[in-house]
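So the structure is just underneath, and the comments pick up after that.
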Amino acid sequence: MNRTSSTVAGTVLIVAALTVAVPLAGAQSSDSESDWTLRRTPWGHPDLTGTFSSDDMRGVPLQRPEEFGTRRYLSEDEFAERQARNDEEVARLDEGGTAFLSERGRRSFRQTSLIVEPPNGRMPELTEDGEARRADLQRRRNSAPASWLDRSLYDRCLTRGVIGSVLPVIYGNGLDIYQTPETVVIRYEMIHETRIVHLDGRPHVDDGIRTFMGDPVGYWDGDTLVVETSNFRGETGIGLNGNGVPTSPQTRLTERFTRVAEERIDYEVRIDDPGSFVAPFTIAMPLTTQPNYRVLPYECHEGNFALANILSAARAEEAAGEKAGD
């Protein structure tokens with residue numbers, strides 16, 4: 001399957017190789033690197049560069065199953081069962097799995113859900129407006145589409161949104177991170193998104209300028225990159241592949257990227273959307289490296305052709321119904 005590629009502006013310098021090692025006090029080490037030290041760029045920022053994915057979190061639900069209550073992590077026995085299942089799947093795939101399924105991660109983690117706040121690990125209730133948009137979405141998805149606007153942005157090969165671009169799905173969970181002294185560039189595998197995060201203290205763009213991925217600005221909080229994003233159109237959802245209840249234009253995201261090992265960045269995003277949810281909530285997960293993983297071109301022609309077929313089939317069904325009624 002093709003994977004996402006997007007051309008980064010020529011002014012972006014890829015400097016992953018130009019780093020120096022600096023010890024990080026209290027750093028969380030990877031299983032294989034107990035003596036790990038944080039690398040820094042020549043200009044002193046923590047080095048986040050590399051190719052990462054959320055593959056290791058495949059199988060961990062977005063919302064916590066109710067039987068876990070407020071328990072954020074699996075017990076020893078529960079974790080041993082998860083690890084055994086994952087190890088068995090990895091071994092099977094190593095013997096000759098499909099291209100899609102072989103993107104399963106190689107590590108196991110203890111989280112019971114990707115949502116970590118509120119304490120029950122579940123999305124807050126929807127606002128009245130959020131409920132209305134969910135009902136409208138379900139109505140349009142369960143009916144023959146009147147136009148392309150009745151299909152999701154993902155179906156139309158337009159975008160998965162910020163959250164949908166990082167949540168683990170069956171394939172395409174990779175991202176590349178590049179750095180310059182004044183920017184951090186994040187290039188997602190699907191569909192074709194590249195975010196340029198400015199670090200020079202500039203304000204957000206004018207409120208009248210809105211995009212699917214919003215306007216990100218960033219700063220360093222110690223060794224953590226904080227990215228605050230606003231100016232959304234309000235059409236993507238907080239769910240797999242950007243599906244789910246459409247967010248509102250009031251959405252604000254606060255992401256935190258902290259490199260804790262050579263093979264791992266801890267990622268956290270707080271979603272504050274008073275137009276859709278009665279309270280904010282937080283998603284957290286490790287982004288890790290995978291053996292020989294590369295982000296390749298993702299063209300999405302399947303979705304474009306499928307959309308034409310879906311619409312023509314709907315019109316043919318309508319015509320058949322009208323003829324039968326004559």
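Laboratory data are not the source of any read-out in this text; all were calculated from the coordinates shown. Note that the structure is predicted; figures quoted are calculated from it, not measured. Reconstructed Cβ throughout: ideal geometry from the backbone, glycine too, with neighbour counts over all protein chains shown.
With K and R counted +1 and D and E -1, the other residues having a Cβ less than 13 Å from that of TRP148 yield a net charge of +2. Spherically averaged projected area of the convex hull of Cα atoms, the range 123-194: 7.2 nm². Give the shape of the range 216-326 as rounded, prolate or oblate, defined through the alpha-carbon gyration tensor: a ≥ b ≥ c are the square roots of its eigenvalues, a/c under 1.5 means rounded, and otherwise the shape is prolate if a/b is larger than b/c and oblate if not. The shape class here is oblate.
Net charge of the neighbourhood of ASP223, taken over other residues with C-beta under 13 Å away and scored Lys/Arg +1, Asp/Glu -1, is +1. With a cut-off of 19 Å on the backbone N, the residues of the range 140-158 near the modelled label site 7 Å out from ALA324 along Cα-Cβ are 142-146.
Identify, among MET190, VAL269, GLY303, the residue whose Cα sits farthest towards the positive end of the charge dipole of the chain, taking +1 on the Cβ of Lys and Arg and -1 on the Cβ of Asp and Glu, with the dipole about the Cα centre. Comparing the listed Cα positions along the dipole, GLY303 ranks first. Computed from Cα atoms, the angle from the helix 128-141 axis to the main principal axis of the chain rounds to 60 degrees.
Here each label is just a point 7 Å from Cα along the line to Cβ, and for TRP148 and GLU88 those points are 4.5 nm apart. If you look at the Cα atoms of the range 20-325, you get an Rg and a Dmax of 20.9, 76 Å. Over the range 154-206, consider all pairs of different Cα atoms and compute the Kirkwood hydrodynamic radius from their mean reciprocal separation; express it in Å, one decimal. With all distinct Cα pairs of the range 154-206 included, I get 12.4 Å.
Tell me the angle of helix 301-325 to the major Cα principal axis of the chain, expressed in degrees between 0 and 90 and rounded to the nearest ten. Once rounded, one gets 20 degrees.
Please give me the summed charge of the neighbours of HIS198: other residues whose Cβ is under 12 Å from its Cβ, Lys and Arg +1, Asp and Glu -1. Taking every other residue near HIS198 into account, the sum is -2. Once backbone amide H atoms are built at 1.01 Å from N, ASN231 has ASP215 as its partners under 5 Å, excluding neighbours fewer than 5 places away on the same chain. Here the simple spin-label model places points 7 Å from the Cα toward Cβ, and for GLN63 and ASN309 these points are separated by 3.2 nm. Projecting label points 7 angstrom from Cα along Cα→Cβ for VAL205 and GLU299 puts them 2.9 nm apart.
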